[in-house]
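Only one structure is covered here, and it is reproduced in the block below.
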Amino acid sequence: MKNILVTGGAGFIGSNFIHFLLKTELKVNIINLDAFTYAGTLENLKDLPDMDRHTLVKGNICDQDLLADLFQRYAIDTVVHFAAESHVDRSISGPGPFIQTNIAGTYMLLEAARNYWAGAKKLSGVNVRFHHVSTDEVYGSLSPSDAAFTENTPYAPNSPYAATKASSDHLVRSYGHTYNLPFTITNCSNNFGPRQFPEKLIPLIILNALNGRKLPIYGDGLQVRDWLFVEDHCEAILTVLQNGQTGETYNIGGGNQPANLDIVHMICDLLDETCPDSPFVPHRDLIEFVTDRPGHDRRYAMNIEKIRNTLGWQPKHSLQEGLKKTVQWYLSNVEWIAAIRTQQEYQHWLAENYDKRESSI
Ligand code: NAD
Ligand code: TYD
């Protein structure tokens, strides 16, 4: 692992992964390919620990010529594929970009890797790896009494987002089976932490609460997610890159499974504690129950025994610790927030999805 192509490295998890990797002792070069959709921002790449080992390329994973050039020019031996359209609500209002980036884009990237690693100009004598970053949402939804998802749980994606990720997982696996492309896949639960775009539950609640906006809870708020602090996810990916078996998939999760409403209460209480002089204390008063998401998955939970037993990884942060760090990060990074806020796209999204949303009571 020397020259790593990270796709989507200006987004939430990709940028955290780059920060994380550059803090390690590993002497790797990172080529960061990102299209800078609404979800990618240069703000996420400020203050990188070792700028010299990071090359930023603005471009699309669907651009075949660009991909071929990057593999060749930088002698790419490892791909860590984060780039995706990642928000379920957006996939419901407009699935097109999800099909394009998550399915067609992954196909293009697989082709580029296959052509370069197995083609006439191939790297010789170098271990190569295509690592695909995926989600627990490919497994569908659990009822309260179901056991947690394992790597053998059949795929049953429910949202267009989950269906495109399932599709890309299958493509990656098929390239391994058919063309011997060395791959690993990680399926991870909901992440939270610094630099997450405020359309996802946790940053949306923090920023809305700080500004006295309503805190929208879909349906009854009793849906359950398996929350993982993003740094723990980054460490798990690196563990799989270094020690995971090619051809294997690994589940990653946080072992934290509160209902959405509990998470929102925890954030409100943390903000009451940290900002006691805010005019919006108690922040819980801002909670508003709104119309549920269509096809809303009820519960996710990950069984992480495989990665724990075979690779020795497990999360380091409790939910409370992770949430504290996250709230602190948003309170200390006003410039980041200001930059995101001024994005036209963000304003539009807020207006379309929150200002017009009907209260359910
Ligand atoms: P994100 O939306 O924050 O970032 C996605 C990044 O990909 C952005 O920087 C965007 O500009 C870039 N991108 C989008 N389309 C592109 C294209 N066609 N070409 C190049 N770049 C493109 O997403 P995230 O939350 O950081 O998620 C990263 C990956 O992790 C995704 O594959 C997602 O499915 C997976 N994942 C996310 C979570 C989570 O909770 N966020 C959990 C499990 C898995
Ligand atoms: P989200 O962060 O969008 O992630 P995902 O849909 O991939 O799990 O949502 C997390 C949970 O929070 C999910 O059950 C939907 C719910 N939710 C709300 O109740 N209100 C909101 O404003 C958002 C964005 C999500």
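The values are calculated or read from the model by the stated rules, or taken from the named source; none is laboratory data. For clarity, every value in this text was computed on a predicted model and none was experimentally measured. Cβ coordinates were reconstructed from backbone atoms using ideal geometry, including for glycine residues, and neighbour counts include every protein chain displayed. Ligands, DNA and RNA are excluded from the accessible area calculation, which covers all protein heavy atoms including side chains. Shrake-Rupley method; radii C 1.70, N 1.55, O 1.52, S 1.80 Å.
In degrees from 0 to 90, rounded to the nearest 10, what is the angle of the helix 106-118 Cα long axis to the longest principal axis of the chain?
With rounding to tens, the tilt is 30 degrees.
Convert 37 °C to kelvin, take the viscosity as 0.692 mPa s, use the Kirkwood radius over C-alpha pairs of region 67-141 as Rh, and evaluate the Stokes-Einstein diffusion coefficient in µm²/s, rounded to a whole number.
The estimated diffusion coefficient comes to 236 µm²/s.
Hey, what angle do you get for helix 230-243 against the long axis of the chain, alpha-carbon based, 0 to 90 degrees rounded to 10?
20 degrees
Rg (Å, one decimal) plus Dmax (Å, integer) for the alpha carbons of region 221-262?
13.3, 39
Would you pull out the residues with amide H under 5 Å of ILE217's amide H, same chain only if 5 or more places away, H placed 1.01 Å from N?
Long-range HN contacts for ILE217: GLU288, PHE289, VAL290.
Quick check on the chain: helices-only [θ] at 222 nm, where DSSP H runs of length 4 and up contribute -39,500 (n - 2.57) each and the sum goes over total residues. Nearest 500, please.
About -11500 deg cm²/dmol.
In terms of solvent-accessible area of protein heavy atoms at a 1.4 angstrom probe, what is the ranking of MET108, MET51, highest value first?
Output order, biggest surface exposure first: MET51, MET108.
Below 14 angstrom from the Cβ of THR164, what's the summed charge of the other residues (Lys, Arg +1; Asp, Glu -1)?
-1
Is region 181-301 best put as rounded, prolate or oblate by its Cα gyration tensor, with a ≥ b ≥ c the root eigenvalues, rounded for a/c under 1.5, and otherwise prolate when a/b is larger than b/c, oblate when not?
Prolate, because a/c is 1.5 or more and a/b exceeds b/c.
Provide Rg and Dmax in Å for region 199-250, with only Cα atoms included in the calculation.
16.8, 48
Sort 68-81, 272-285, 250-263 by the packing proxy (mean of other Cβ within 10 Å over each peptide's residues), most packed first.
Result, highest mean Cβ count within 10 Å first: 250-263, 68-81, 272-285.
Where does each of LYS46, LYS306, LYS2 land when they are ordered by accessible area, with a 1.4 Å probe and the largest first?
Descending order: LYS2, LYS46, LYS306.
May I ask you to work out the translational diffusion coefficient for region 166-209 at 10 °C, viscosity 1.306 mPa s, via Stokes-Einstein with Rh from the Kirkwood sum over Cα pairs, reported in whole µm²/s?
121 µm²/s
Where both partners of a DSSP beta bridge lie in the chain, what percent of those bridges are antiparallel, to the nearest 5?
Looking only at bridges with both residues in the chain, the antiparallel portion is about 5 percent.
Using a Förster radius of 56 Å, what is the FRET efficiency between ASN152 and VAL281 based on their Cβ-Cβ separation? Nearest 0.05, please.
So the FRET efficiency works out to roughly 0.75.
Test of understanding: express the Cα radius of gyration of the chain as a ratio to 2.2 N^0.38 Å, with N the residue count.
For the chain, the normalised Cα radius of gyration comes out at 0.97.
Could you bin all the Cα-Cα distances of region 108-168 into 5 Å bins starting at 0 and give me the percent of pairs in each, rounded to whole numbers?
Going from the shortest bin to the longest, the percentages are 4, 15, 19, 15, 11, 11, 10, 8, 4, 2, 0.
Over all directions, average the projected area of the Cα convex hull of region 1-153 and note it in nm².
Computed as one quarter of the Cα hull surface, the answer is 11.0 nm².
If you average the C-alpha positions of region 222-244 and of region 63-112 separately, how far apart do those two centres end up, in angstrom?
Cα centroid to Cα centroid, the span is 21 Å.
Accessible surface of LYS214 in the full protein assembly, 1.4 angstrom probe, to the nearest 10 Å²?
110 Å²
Using the Kirkwood radius over Cα pairs, work out the Stokes-Einstein diffusion coefficient for region 23-108 at 25 °C and 0.890 mPa s, in µm²/s as a whole number.
Roughly 170 µm²/s, to the nearest whole number.
Sorting THR246, THR342 by accessible area (1.4 Å probe), largest first, what list results?
Correct descending sequence by accessible area is THR342, THR246.
Beyond 22 Å, what share of the Cα-Cα pairs of region 118-256 is found? Please give it as a whole percent.
49 percent
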